[in-house]
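The values are calculated or read from the model by the stated rules, or taken from the named source; none is laboratory data. Quantities reported herein were computed from a predicted structural model and do not represent experimental measurements. In this analysis, Cβ positions are derived from the backbone assuming ideal geometry, glycine residues included, and neighbour counts consider all displayed protein chains.
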Amino acid sequence: MTESPRQVAICGDGDPRTPHAEAARTAGRLIAEAGAVLLTGGMTGVMAAASEGARAAGGLVVAVLPGGSTKSAVAPAQVRIATGAGEARNVVLVRSADAVVAIGGAFGTLSEIAIARKLEVPVVGYQTWEAPVPGTGEPLLEQCDSIEDAVARALTAAGDGAGA
């Protein structure tokens with residue numbers, strides 16, 4: 001039986017003019033170079049940039065789409081999963097990941113961070129949401145100073161890919 005590759009999700013804002021595009025491209029490239037599968041929401045902004053980086057490095061990209069058609073993908077992905085679930089697709093995306101990297105982001109990214117925490121999927125951040133967890137004061141997630149560090153920590157946390 002062949003071991004499954006690690007699956008790392010990149011979550012972030014969908015703004016086509018995102019200031020995090022270069023970091024997302026780098027993250028996608030690093031994930032592909034590590035032999036891991038990149039999971040994204042398949043739309044614009046951070047999702048598209050990460051997908052472009054992974055594809056340029058020869059990686060496998062899976063888009064977990066909010067719409068009911070595989071044709072709705074904007075980001076380049078070899079595998080497209082049409083959930084028809086709207087924002088609820090965030091649960092499918094995070095649950096399918098061995099680790100999550102949050103880059104920038106808006107409320108959708110915050111929901112993915114919260115879902116990862118609830119499901120105990122390792123999540124790290126780069127220039128994303130910061131808040132203490134109510135009642136404990138612990139940080140919402142581990143913030144990294146560089147995208148390279150964020151991806152390295154996510155890949156390490158993803159282990160051998162057996163958790164997905």
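Couple of notes before you dig in:
- Members of the range 123-164 that are surrounded by fewer than 19 Cβ atoms within 10 Å (Cβ to Cβ), among the β-branched types (Val, Ile, Thr) and outside any loop (DSSP other than H, G, I, E, B): THR156
- Selection count, the range 37-50, where residues are over 10 Å from the mean Cα position of the chain (by Cα) and hydroxyl-bearing (Ser, Thr, Tyr): 1
- Residue in the range 46-54 that is β-branched (Val, Ile, Thr), buried (at least 22 other Cβ atoms within 10 Å of the Cβ) and more than 19 Å from ALA158 (Cα to Cα) present: yes
- Cβ-Cβ contacts under 9 Å between residues 6 or more apart (or on different chains), taken from a first residue in the range 126-141 that is within 17 Å of ILE115 (Cβ to Cβ) to a second residue that is of a type in the set (Lys, Arg), are listed as VAL133/ARG117; LEU140/ARG117; LEU141/ARG117.
- Residue-level analysis places ALA77 outside the set of residues that are at pLDDT 95 or above, among the aliphatic types (A, V, I, L, M) and not in a loop (DSSP other than H, G, I, E, B).
- Test: residue in the range 102-122 that is assigned to a helix (DSSP H, G or I), of a type in the set (D, E, K, R) and in contact with a Leu (Cβ under 9 Å, 6 or more places away or on another chain): yes
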